[in-house]
Amino acid sequence: MNYDEIIDELGDNHIGDVTRTPLRDDAFELSNAEKIEKIQENVRQIMETLGLDLTDDSLKGTPKRVAKAYVLELFGGLDPQNKPKLSTFLNNYQYGEMLVEKNIVVYSTCEHHLLPIIGRAHVAYISKGTVVGLSKMNRIVDHFAKRPQVQERLTRQIVKALQEALGTEDVACIIDAKHLCVNSRGVKDIESSTVTAEFGGAFKSVDKQKEFRDYIKLETKF
């Protein structure tokens, strides 16, 4: 089977067995400005190949806008310097139950077709002596979402980052999201969504998973 046949065989299937985003060793040798310049030219070539008239006022700025969006916004989470600092604090309230931050907005990009993934993340942890600011949970979701992603990997990356920051395995994440690679092309099923979950430590217990789900009462809100 040649490479093209392997890609066709893979189709829309996701390979989500690792938490590391596949990056080359030289991923950060170019500055953001250099990346924008190169991507701008590549986008221009794509548009010209499609037959679009880039002298039109509506289109002539598109290559640069796309390039800036890719480097500075949509894929800004690739740069480790953009990872939010997850400062922790002593759990002075001695709160021992799970803490849940639900309905965190997820805007990501499918790495197979570079189309949007839009949904909600629900994150929980049980303190082992330290807590993290609530907004930091939103920020860590946003950081890992701003990459070419598969939802399985995104879910695991969020859990791993919080486990490392909090010094506990007791972290869980559920994501419910729509993939435009499914909704707008291919099977074109506009109603379906994808749900992924990662349960660590105490959350591997069926009872804790049920408690978590009861907290969030999973509903699609797009």
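The values are calculated or read from the model by the stated rules, or taken from the named source; none is laboratory data. From a predicted model like this one, the values you see are computed outputs, not experimental measurements. Here the Cβ is made from the backbone with ideal geometry for all residues, glycine too, and neighbour counts use every protein chain on show. Please note that ligands, DNA and RNA were not included when accessible areas were found on the heavy atoms of the full protein model with its side chains. Shrake-Rupley method; radii C 1.70, N 1.55, O 1.52, S 1.80 Å.
Loop-only check: which trypsin sites (Lys or Arg not before Pro) in region 129-218 are DSSP coil with at most 16 other Cβ within 10 angstrom?
ARG185, LYS188, LYS217
Tell me the accessible surface of HIS179 in square angstrom (1.4 angstrom probe, heavy atoms of protein chains only), to the nearest ten.
10
Of the DSSP beta bridges with both residues in region 78-192, give the percent that are antiparallel, rounding to the nearest 5.
Here the antiparallel bridges make up roughly 90 percent for region 78-192.
Can you pull out the chymotrypsin sites (Phe, Trp or Tyr not before Pro) in region 28-124 whose DSSP state is coil and whose Cβ has at most 14 other Cβ atoms within 10 Å?
Counting only loop positions with at most 14 other Cβ atoms within 10 Å, the chymotrypsin sites (Phe, Trp or Tyr not before Pro) in region 28-124 are PHE28, TYR93, TYR95.
Expressed in whole Å with the largest first, what are the equivalent ellipsoid semi-axes of region 79-186 derived from the C-alpha gyration tensor as the square root of 5 times each eigenvalue?
So the three semi-axes of region 79-186 are 28, 14, 10 Å.
Of LEU166, VAL195, ASN183, which is farthest towards the positive pole of region 144-222's charge dipole, taken about the Cα centre with +1 and -1 on the beta-carbons of Lys, Arg and Asp, Glu respectively?
ASN183
Over the Cα atoms of region 155-222, each weighted equally, I'd like the Debye log10 I(q)/I(0) at q = 0.20, 0.27 Å⁻¹, rounded to two decimals.
With one equal scatterer per Cα and no solvent, log10 I(q)/I(0) is -0.84, -1.12.
So for the chain: antiparallel DSSP bridges make up what percent, rounded to the nearest 5?
About 95 percent, rounded to the nearest 5.
Under a Cβ-only charge scheme (Lys and Arg +1, Asp and Glu -1), can you give me the dipole magnitude of the chain about the Cα centre, in debye to the nearest 20?
It comes to approximately 880 debye.
In nm, give the distance between the simple-model label positions of THR49 and LEU72, each being 7 Å from the Cα along the Cα-to-Cβ direction.
So the two model labels end up 2.7 nm from each other.
Using Cα pairs under 8 angstrom and six or more residues apart, how large is the relative contact order of the chain, in percent?
19
If the chain between SER87 and VAL18 were fully stretched, how many nm would it gain, using 0.36 nm times the residue separation less the Cα-Cα distance? Don't skip to the answer; put the middle values down first.
Numbers: separation 69, 0.36 × 69 = 24.84 nm, distance 2.56 nm.
Extra length from SER87 to VAL18 when fully extended: 22.3 nm.
Ratio of the chain's C-alpha Rg to 2.2 N^0.38 Å, to two decimals?
Values: Rg = 19.8 Å, N = 222, 2.2 N^0.38 = 17.1 Å.
Relative to the rule-of-thumb radius for its length, the chain sits at 1.15.
Given a 1.4 angstrom probe, I'd like the percentage of the accessible area of the chain that is carbon and sulfur, rounded to a whole number.
51
Place a point 7 Å from the Cα of TYR107 along the Cα-to-Cβ direction; which residues of region 54-77 have their backbone N under 20 Å from it?
Counting only backbone N, you get 62-77.
For region 55-138, what is the convex hull volume of its Cα atoms per residue in Å³? Kindly include the intermediate steps, with their values, before the conclusion.
Details: hull volume 11.2 nm³, N = 84.
Measuring per residue, one finds 134 Å³ for the Cα hull of region 55-138.
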